[in-house]
Structures are given as structure tokens and as C-alpha cells.
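Okay, structure first, notes after.
The values are calculated or read from the model by the stated rules, or taken from the named source; none is laboratory data. Everything numeric here is computed off the predicted structure, so don't read it as measured data. Neighbour counts run over all protein chains shown; Cβ positions are idealised from the backbone, glycine included.
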Amino acid sequence: MTWDALLFDLFDTLVLFERERLPEIQVNGRTLRSTAGHMHEAFRPFAPGVSLEEFVNALLWSWHEAERIRGESHREVAAPERFGMLFGHLGLDAAAMEREALPILLSTHMRELSKAVVLPAHHRELLAALGARHRLAVVSNFDYTPTARLVLEREGIASLFETVVISDAVGWRKPKAVIFETALGALGLEPARALFVGDRADIDVAGAHGVGMQAVWINRAREALPDGATAPEFEIQDLAELRRIVGI
């Protein structure tokens, strides 16, 4: 089987998120790896009465609430919406905060978050080789497109991808069909002409199968297939194994 295009998940597929690279903070006797310390410092001029502990608690609440919504409906809660929820939880004027504080919070959070994202050394050469024979695209669940694009550009691989579709721009997350269909539509391809590569069987493989694409599951930990998940056409432990699958 040959494919015209290879579509990739971004985080923990093309690039890896390493939590230990996040800044360390102390809150209520606990040590956390979080962007919250930098965010709180940037936020203080706008809400000087909000302590670090209060800010961290509200930030964690907003994350859990966003994850609840995502889990129930697969609707994406974009970063600006989530921070709007944070403002409300703190009892602040959300409209005023969104005008004044939101841009600074977004830039601070995403700057520090992106520092914890790394491109494995062999991925750049591999993607260049794959791109010489196939059209490449990114289809990712993430709440802020500018940061996803920043990571691709910083690592010198952005130009390899013909289209980059991030869930905050679509409004829905994988495994919803619309995010895959958006990418396929941008490429002008039928599902059978594209292969999807991702690290989640329940999201990436299931979503790709839902629109008629074949899928590769990157199963680094050799985990069992989740209950109810359909088996991928291919299972690998490292992205380099794609060479064997596509024949390069």
C-alpha cells in the first residue's frame, strides 16, 4: 500500500513533552512543575490581591474544568477561553482581564510551556526523508495554534508540512471526524490516500479509522490496546520505524 500523504499528531509523536523541563515552584508545601509561577508574576500588576496559592488553585481548577468539557464532548476549550474561566473563578472582571491581562498570560504560559517541548534528534532527518516522497501534515489536539506553530518553526521543520490543523482553530478535538476532514480537505485527498500517525490508540487511531484512514500507533511503552479500541494497521515504538512502513 502506498499513500500520497502522511498526517501526524504533534505532541508525543513528532515532538515530546518533558514535564521535568517545566519551572519548579513551591505551593502549600508541595513542589510542582508548572508555568504558574511565571504566570502569576506576570499577572500580579493586574490583580495584586491574588496570591500565588489562589492563582495556582484557580489555574488547576480551570484545567480540570477544560478537561471535563473535552472528555464529555470532544469540544476544544481554547487557551483564551480557559483563562477566561480562570478569571471568573477568581471573582475578577473577566471582560477587563481579557482585554488587559489575557495577552500577557497567554504569551507567558506558552513561552514557558514550549521550553518543555523537544524534538528528538533523529526526527528532523526522518521527516525530511519522508517529505521527499510524501505530502506531510499535522493534525493535533492543542489549545493554542500559535504555540504549536512556534514549536515547528523553532525546530526547523515547519516548512515540511503542507498544512497544520490544530483543534483550537477547528473547535473540536480528535477523535472527532471534522479535524481529520479539515486536513484532508486542505490537502484535497480522499482518506484512503493518507496515513495517520499518532501515539493514542483511543484518539488518533480511532479518529483516523472513523473517517476511513489507515493508522500507525506509536506505542512506546508497549501498552495493551485500550478496551473498545480498534487495532491499528501498524504498531511501532519509534517514529523511525515509519521508514519500513512507507518503504524508504
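Tally the residues that are closer than 11 Å to Phe180 by Cα and surrounded by fewer than 24 Cβ atoms within 10 Å (Cβ to Cβ), restricting the search to the stretch 191-205.
Result for the stretch 191-205: 1.
Give me the residue from the stretch 127-157 that is surrounded by fewer than 18 Cβ atoms within 10 Å (Cβ to Cβ) and among the hydrophobic types (A, V, I, L, M, F, W, C) and, out of that set, farthest from Gly188 (Cα to Cα).
So the residue we want is Leu150.
Where the second residue is modelled with pLDDT of 95 or more and surrounded by fewer than 15 Cβ atoms within 10 Å (Cβ to Cβ) and the first is part of a helix (DSSP H, G or I) and lies in the stretch 109-128, which pairs have Cβ atoms under 6 Å and are six or more apart or on separate chains?
What qualifies is Leu126/Ala240.
Note down all Cβ pairs under 9 Å where the first residue falls in the stretch 66-87 and is outside the structural domain of Arg173 (by TED's automatic domain parsing), the second is in a strand (DSSP E or B) and hydrophobic (A, V, I, L, M, F, W, C), and they're at least six residues apart or on different chains.
Ser73/Trp172; His74/Trp172; Arg75/Trp172; Glu76/Ile166; Glu76/Trp172
Determine which single condition Val56 fails, assuming it passes every other condition in (1) closer than 30 Å to Gly207 by Cβ; (2) touching a strand residue (DSSP E or B) at 6+ places or on another chain (Cβ under 9 Å); (3) crowded, with 19+ Cβ neighbours inside 10 Å.
Among (1) closer than 30 Å to Gly207 by Cβ; (2) touching a strand residue (DSSP E or B) at 6+ places or on another chain (Cβ under 9 Å); (3) crowded, with 19+ Cβ neighbours inside 10 Å, the lone unmet condition for Val56 is (1).
Can you pull out the residues in the stretch 193-232 that are closer than 26 Å to Leu119 by Cβ and acidic (Asp, Glu)?
If the condition is that a residue be closer than 26 Å to Leu119 by Cβ and acidic (Asp, Glu), then Asp199, Asp202, Asp204, Glu223 are the ones that fit.
Restricting attention to the stretch 203-236, and to residues there that are touching an Asp or Glu at 6+ places or on another chain (Cβ under 6 Å) and in contact (Cβ under 8 Å) with a residue 40 or more places away in the chain, which single residue is nearest to Leu14 (Cα to Cα)?
Ile218
Filter the strands (runs of 3 or more DSSP E) completely within the stretch 135-248 down to those with at least 3 residues that are assigned by TED's automatic domain parsing to the domain that holds Ile104.
Answer list for the stretch 135-248: none.
Does Ala137 satisfy the condition of being among the small types (Gly, Ala, Ser) and out of contact with any strand residue (DSSP E or B) (no Cβ under 6 Å at 6 or more places or on another chain)? It would help to see each step written out before you state the result.
Details: among the small types (Gly, Ala, Ser): yes; out of contact with any strand residue (DSSP E or B) (no Cβ under 6 Å at 6 or more places or on another chain): no.
No, not satisfied.
Give just the number: which of (1) among the β-branched types (Val, Ile, Thr); (2) modelled with pLDDT under 95; (3) surrounded by 13 or more Cβ atoms within 10 Å (Cβ to Cβ); (4) touching a strand residue (DSSP E or B) at 6+ places or on another chain (Cβ under 7 Å) does Thr31 not satisfy?
So Thr31 meets the others, but not (3).
So in the stretch 165-188, with the set limited to residues that are aliphatic (A, V, I, L, M), surrounded by fewer than 20 Cβ atoms within 10 Å (Cβ to Cβ) and touching a helix residue (DSSP H, G or I) at 6+ places or on another chain (Cβ under 9 Å), which one is nearest to Ala137 (Cα to Cα)?
Leu187
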